[in-house]
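Every number here is computed from the coordinates shown, using simple stated rules; none is lab data. Given the structure is predicted, the values throughout are model-derived calculations rather than measurements. A quick note on method: Cβ atoms are made from the backbone with ideal geometry, for glycine too, and the neighbour counts reach across all protein chains shown.
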Ligand code: BGC
């Protein structure tokens, strides 16, 4: 399109062209090149989007799986198509020795570990009155225990390497905000909040930064029951200032930023990616 202007038009057109070129270069830049990342729960939902975004930015990936090895294999192929590298490891993240196996796989295959994303999570949607012991144990083991020992084992490796690192805990708005009838989940996410803060302080001398990312409602399998119920979905959307659920990619881009150079002064805190949900107010 021609720009109508009086004099200096070429200059203006030149600077617009430069801006476009710069933006393109920035967008396609591989800011995580030579970095090695583990993403727990990386073969579905938010985890899968994180895996793809980190790979797009140049990182090599280790992904765990317990079930659906075929999904992980498919993801590996997709990453190879992007020109990246990824390996799937059979690992139950609620077990310490399996977490160790993930870190060992990162070191054996890619030589190091720079980014640990503790993302694996489940929920039972049960209340304080009806949660069984088994449900409680499972949620706390997969969400909180895995994040605790994932942090410990990753940090030990990063300290050995001596170049710092990033630990990113995927929590939820429910690390701080009650969700009635999802009590064990809230407990686990509240624990991850304090894990992030305490480990962030403890590991700061090693330049290992620990940050929590708290998504709101995201279009993933964990929210399928809400997404399939039009009345529930409408209620949820109207509680979100941005008026809609997030796409998994909108969480992944924040994680990629936190893993990169631009987030070098962020630690021991959480970022909420919730479309304003936690601050929502009807103004009464
Ligand atoms: C939970 C969902 C919930 C959403 C918003 C997520 O962390 O997994 O069940 O709908 O938070 O409240």
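Quick look at the numbers
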item: Contour excess over end-to-end distance, with Cα ends at residue 68 and residue 81 and 0.36 nm allotted per residue; result: 2.6 nm
item: The chain: Cα Rg divided by the 2.2 N^0.38 Å rule of thumb; result: 1.09
item: For segment 35-167: relative contact order, % (alpha-carbon pairs under 8 angstrom, 6 or more apart); result: 26 percent
item: Difference of contour (0.36 nm per residue) and Cα-Cα distance, residue 95 to residue 282; result: 62.9 nm
item: Among 255, 67, 103: highest mean-square fluctuation, GNM of the chain, C-alpha pairs under 10 Å; result: 67
item: Contact order relative to length of segment 80-228, as percent, for alpha carbon pairs under 8 angstrom and 6 or more apart; result: 25 percent
item: Relative contact order %, the chain, counting alpha carbon pairs below 8 Å whose residues are six or more apart; result: 17 percent
item: Peptides 186-193, 270-277, 200-207 ordered by average Cβ neighbours within 10 Å, highest first; result: 186-193, 270-277, 200-207
item: Value at 222 nm in deg cm²/dmol, rounded to 500, when DSSP H runs of n ≥ 4 in the chain each add -39,500 (n - 2.57); result: -14500 deg cm²/dmol
item: Highest-fluctuation residue, 92, 64, 176 considered, GNM on the chain with Cα pairs under 10 Å; result: 176
item: Order of 136, 65, 185, 265 - criterion: other Cβ atoms within 10 Å of each residue's Cβ, fewest first; result: 265, 136, 65, 185
item: Choice from 161, 152, 57 with maximal GNM fluctuation in the chain (Cα, 10 Å cutoff); result: 161
item: Alpha-carbon centroid distance for the pair segment 138-197 / segment 212-261, whole angstrom; result: 19 Å
item: Fewest-first sequence of 44, 181, 172, 281 by Cβ atoms within 10 Å of each Cβ; result: 281, 181, 44, 172
item: Inter-probe distance in nm under a simple model that places probes 7 Å from Cα toward Cβ, at residue 34 and residue 265; result: 2.5 nm
item: Fewest-first sequence of 233, 52, 284 by Cβ atoms within 10 Å of each Cβ; result: 284, 233, 52
